[in-house]
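First up is the structure itself, then whatever we jot down about it.
Where a number appears in this text, it was derived from the coordinates with a stated rule and is not lab data. Predicted model only: the values in this text are computed from it and were never measured.
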Amino acid sequence: MPLVDRVHAHPIARSAFVVLAALTLAVPVAAHGSRVGPGRVQTTVAVAGYRVALRIDPNLGGRIASTFTVRCTRGGRPVAATVTAGFSMPAMAMPPLSLRLRRVAPGVYRGTGVMLVMPGLWHIRLHISPPAAPAVDLVIADEAALDTPG
Ligand SMILES: [Cu+2]
């Protein structure tokens, strides 16, 4: 697989940042927050009245599955929604990668897959679509380290 073959040539971005883009009713909201990665990710962001927590474990690039857990609340109450995660790298064109998260508890959504297929800087777009409210998109910039150090 070419993507895997290129792992060792892939430049690992040294700066990571969080970009939030809340796309509600075509009114974009942008904010900059904490860095995520390398290493296990546990981050919470506030956007459009929601609190969205993302956990990535492990946060490693390569042929290893990671589990992505999203907890979404509004006013302290769990939010029912359809939640998907899309994965891209700003440094290169990649085939589209997305993961549908499954509800595991009220307001908690989880999915596992080989999504971070190489180390480097990823943009993880969370799409949170409640049944009776505008969908919210947020993009988290995450640096994934190589899955097999050394
Ligand atoms: Cu890449």
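Computed values, structure above
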| quantity | calculated |
| --- | --- |
| Gyration tensor verdict on segment 52-150 (Cα atoms; rounded if a/c is under 1.5, prolate if a/b is larger than b/c, oblate otherwise) | prolate |
| Length-normalised contact order for segment 37-87 - Cα pairs under 8 Å, 6+ apart - percent | 29 |
